[in-house]
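Structure first, commentary second.
Since every read-out is calculated from the coordinates, none of them should be taken as a lab result. Source: prediction; values computed, not measured. Cβ atoms come from the backbone with ideal geometry, glycine included; neighbour counts cover every protein chain shown.
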Amino acid sequence: MSEADRLNAILASRAPALARTLSPLGRALAFPRGIPFQAGEARKARLNGTIGQVTDGAGNPLPLPVLAEAAGGLDPKVSFLYAPQPGHPEVRELWAARQRGLAGGATAPCTLPFATHGLTHGLAMAADLFVDADTTVIVPEPSWENYELVFTLRTGARTASYAFFDGEGFNLDGLSRTLEGVQGKAVVVLNFPSNPTGYAPTPAEADAIAARLAAHTGPLVVIVDDAYQGVVFEEGRLDHSLYWRIAAAVDPERTVVLKVDGATKELLLFPSRVGFLAANLVDAEAEAVWTNKLNALVRGTLGGPPGPSLALMLAGLRQPDRLQAEIDARREELAVRYRTLRDALAALDNPRLRPWPFNSAYFALVGLADGLDPDVIRQRLIAERSVGLIAIPEVNALRVAFCSTTPQALGEIVQHLDEVVASA
């Protein structure tokens, strides 16, 4: 029996939902017993000649002084030595504690987060593990345009979509109808708060989503993209990850739920390239197999997570109260921008512009009347007004990113958009 076969046999008995939803690549993955594996076994050896990195012979790095000076007070062992494939244990444990804490101490099953090379890499790993040409990936319309590259182009999967909104709220029936129409394995991707809509559901909507998914007989994988977790500006909206509600509602023997998150938006660490991937496994032996397969996937692509970024995160995670206070302060700055844009859009008196519901994240969508081409309007705004927006042609809308502009500029953006559309 091969190592992959042995691992898959464990999953078949300990985590049947995961076993039957793995892609061919996911089934084939097994961490090789090569250099990282053997170095891990020898980590506590008194004399260690396993790993190919320069140290002082006692496990401490020997960085170039010019780089060490630039790293300042960051932990040198984290900054200048290889990280384990899953990330440094302390970072993973502190991140796990933070995630549960944000959800009020959620108790639903969740594996120790596995560090990825950014949130997009976490999504790509989920695609590698669970998506193939026989899979249907369900996403709302509109959704983040990169999903097409991650889940469709790379894997050859089929896609099925439904309108994001039903009136002023999330289109729960559209999700259900689309899911019911899938023959075979389905992968549902949920992103709240949403890019590009800037919408977070109410707690009642979140409960209803979880209940609908729990009722599906499978095979089903649910991927919760938490890129904008907690960036919510209105009362009565879900201000933490939807993962915990879904993981608590579904039968883990029938449904796999994945949580993909990261430091990019949550810690405003945009170039960090540190994300995390976790699953709703309840069995320790199954979690060990899950980690083994993720180790193999990372070993065969990026090698491991970036040490300096992990060290930056660790510096913040070790001071959780200060970290959260500073996050809250930055979010209040964003809230001012949000309210400025919300009020400017509400004051529009142009029948050819229809602001979509938004309450969170970094964005707002403004729908255009039939006959207006969003890309033409986008280009006119650049050429005539020096204003840059994003065209979303699938839903005939423009996306305004209020995160990257001042409150004063947002009023000008809305005015220029109003005038250009009025003259089109």
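Odds and ends about this structure:
- Cross-link reach list, lysines versus residue 293, counting only Cα pairs under 19 Å and skipping chain neighbours closer than eight places: 259
- Nonlocal amide H pairs with residue 163, under 5 Å, H built at 1.01 Å: 141
- Seen against the Cα atoms of the chain and their longest principal axis, helix 407-422 is set at about 50 degrees.
- Labels on offer are (i) 34, 24, 20; (ii) 57, 29, 15; (iii) 39, 28, 19, and the one holding semi-axes √(5λ) of the Cα gyration tensor in Å computed from this structure is (iii).
- Our summary of shape: the Cα atoms of the range 25-175 have principal axis extents of 63, 37, 35 Å, ordered from largest down, in whole angstrom.
- Selection from 183, 55, 230 lying farthest towards where the dipole of the chain points positive, charges on Cβ: 55
- Average projected area [Cα convex hull, the range 281-424], square nanometres: 13.4
- DSSP-assigned coil residues among GluC sites (Glu not before Pro) in the range 149-258, each with at most 15 further Cβ atoms within 10 Å: 168, 234, 235, 253
- Ellipsoid semi-axes in whole angstrom, largest first, where each is sqrt(5λ) of the Cα gyration tensor of the range 157-241: 23, 13, 12
- Peptide ranges 329-335, 98-104 listed from the most packed, as the mean C-beta count within 10 angstrom indicates: 98-104, 329-335
- In Å, descending, principal axis extents of the Cα set of the range 102-245: 41, 36, 28
- Cβ crowding within 10 Å averaged over residues, with 11-17, 257-263 ranked highest first: 257-263, 11-17
- The range 276-305 and the range 32-54 have Cα centres separated by 19 Å.
- Stokes-Einstein diffusion for the range 202-327 at 4 °C, viscosity 1.567 mPa s, with a Kirkwood radius from C-alpha pairs, works out to 78 µm²/s.
- Cross-link reach list, aspartates and glutamates versus residue 185, counting only Cα pairs under 13 Å and skipping chain neighbours closer than eight places: 132, 134
- Excluding same-chain neighbours fewer than eight residues apart, the lysines reachable from residue 77 by a Cα-Cα span under 23 Å are 44.
- Sorted peptide list for 264-277, 185-198, criterion being average Cβ within 10 angstrom, highest first: 185-198, 264-277
- Charge tally for residue 5 (other residues, Cβ to Cβ under 14 Å; Lys, Arg +1; Asp, Glu -1): +2.
- Within the range 321-422: Cβ-based charge dipole about Cα centre, in debye rounded to nearest 20 (Lys, Arg +1; Asp, Glu -1): 80
- Amide H partners (placed H, <5 Å) of residue 392, local residues excluded: 397, 398, 399
- For the chain, adding -39500 (n - 2.57) for each run of n ≥ 4 DSSP H residues and dividing by the number of residues yields -13000 deg cm²/dmol at 222 nm.
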